[in-house]
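The values are calculated or read from the model by the stated rules, or taken from the named source; none is laboratory data. Note that the structure is a prediction, hence the values are computed from the model and not measured. Don't worry about glycine lacking a Cβ; one is built from the backbone with ideal geometry, like all the others, and counts go over all protein chains shown.
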Amino acid sequence: MTVRHFFVRSISPETALTGEEYAHAKNVLRLGVGDEIVLLDGSGREYDAVVCRAEKGALFCHVTGSRPSDKEPRTRVRLLIGALKGDKTEFAVQKATELGVAEIGVFCSRYSSAYMNENKLERLQKVAREAAKQCLRACAPAVTYHADLASALASCEGYANKLFACEFAEKSDVSLASLKADTALAVGSEGGFTEEEFAAARAAGFAGVTLGRRILRAETAAIALTSVVMFALGELG
Ligand code: SAH
């Protein structure tokens with residue numbers, strides 16, 4: 001059984017688990033004094049710790065050592081995904097986190113019908129944290145919201161590669177197999193993209209890519225494109 005991982009804001013020699021992490025440790029996993037855990041502060045390091053004191057609402061953990069995590073990808077990948085209906089955005093965020101995505105931007109576009117609000121964004125951030133813990137990552141991807149496609153595309157400024165999954169593109173503008181360096185990806189929502197949106201993405205430096213002759217569901221397309229890119233970057237296998 002792998003040692004359980006917990007996110008905290010900052011590390012001190014005696015770090016307290018509080019709030020949602022405390023509830024998970026205490027009520028779900030029934031951890032108590034003497035149990036070994038790993039603490040993560042989002043810096044990319046992992047901290048070995050032992051629960052040394054239990055109080056109401058807090059478990060205090062004595063930090064015994066630390067090391068850089070080897071689970072974080074060496075190359076940054078940012079995924080833009082259109083807001084999806086029901087819990088599908090959560091699904092996409094969870095899978096992208098497992099695949100090693102560093103940042104996720106959820107956007108609204110011409111044909112997206114799902115709406116976002118603060119609560120939904122917080123929920124997505126929680127899903128990213130839980131997925132990061134579960135797959136033993138040292139950092140949870142930051143999840144941001146963009147009210148329109150233009151600002152989502154602009155948020156990828158500075159990425160060496162920018163790929164736009166276009167369901168009506170007949171061929172890809174770049175070869176996915178030879179990708180190197182940090183990469184931004186854009187995948188549409190259920191309603192797909194318009195010709196104008198594709199043109200705007202190209203103007204913003206995105207290359208159109210096709211995922212084959214079949215139309216994939218948005219969440220499938222997000223997972224497929226992320227997987228192919230992670231493989232090309234040497235992060236899978
Ligand atoms: N409603 C659209 C399909 C949208 S699919 C239609 O009927 O045509 C949702 C998103 O997944 C698309 O915007 C695109 O980003 C991605 N996608 C799905 N299939 C794809 C494919 N074959 N090639 C590239 N991108 C694809």
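At-a-glance table
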quantity	calculated
Tally, over region 109-131, of residues that are in contact (Cβ under 8 Å) with a residue 60 or more places away in the chain, part of a loop (DSSP other than H, G, I, E, B) and surrounded by 15 or more Cβ atoms within 10 Å (Cβ to Cβ)	4
Test result for Leu233, in contact with a Ser or Thr (Cβ under 7 Å, 6 or more places away or on another chain), within 21 Å of Phe91 (Cα to Cα) and away from the ligand (no atom under 12 Å from the Cβ)	no
Criterion violated by Gly44 - all others in (1) farther than 24 Å from Pro141 by Cβ; (2) within 26 Å of the chain's Cα centre (by Cα); (3) surrounded by fewer than 16 Cβ atoms within 10 Å (Cβ to Cβ) satisfied	(1)
Lone qualifier among His24, His62 - being surrounded by 13 or more Cβ atoms within 10 Å (Cβ to Cβ) and at pLDDT below 95	His24
Close pairs (6 angstrom Cβ cut-off, 6 or more residues apart or separate chains): over 13 Å from Val229 (Cα atoms) in region 181-193, of a type in the set (Asp, Glu) and within 13 Å of the ligand (Cβ to nearest atom) anywhere	Gly192/Glu167
Index of the failed condition, Cys61 passing every other in (1) in a strand (DSSP E or B); (2) out of contact with any Ser or Thr (no Cβ under 8 Å at 6 or more places or on another chain)	(2)
Cross-chain or 6+ apart pairs with Cβ under 9 Å, region 194-223 first and assigned by TED's automatic domain parsing to the domain that holds Ser178 and more than 10 Å from the ligand (Cβ to nearest atom), then assigned to a loop (DSSP other than H, G, I, E, B) and of a type in the set (D, E, K, R)	Glu196/Arg110; Arg202/Asp173; Ala204/Glu157; Gly205/Glu157; Phe206/Asp173; Ala207/Asp173
So Gly100, is it surrounded by 22 or more Cβ atoms within 10 Å (Cβ to Cβ) and not polar (S, T, N, Q)	yes
Selection status of Ala154, under 16 Å from Cys108 (Cα atoms) and buried (at least 19 other Cβ atoms within 10 Å of the Cβ)	no
Selection within region 82-98 - more than 8 Å from the chain's Cα centre (by Cα) and either away from the ligand (no atom under 15 Å from the Cβ) or in a loop (DSSP other than H, G, I, E, B) (or both)	Ala83, Leu84, Lys85, Gly86, Asp87, Glu90
Which numbered condition Val228 fails, given (1) farther than 19 Å from Val101 by Cβ; (2) free of Cβ contacts under 8 Å to residues at least 60 places away in the same chain; (3) out of contact with any Asp or Glu (no Cβ under 6 Å at 6 or more places or on another chain); (4) within 13 Å of the ligand (Cβ to nearest atom)	(1)
Residues located in region 154-173, provided they are within 13 Å of the ligand (Cβ to nearest atom) and farther than 16 Å from Ala222 by Cβ	Phe168, Ala169, Glu170, Lys171, Ser172, Asp173
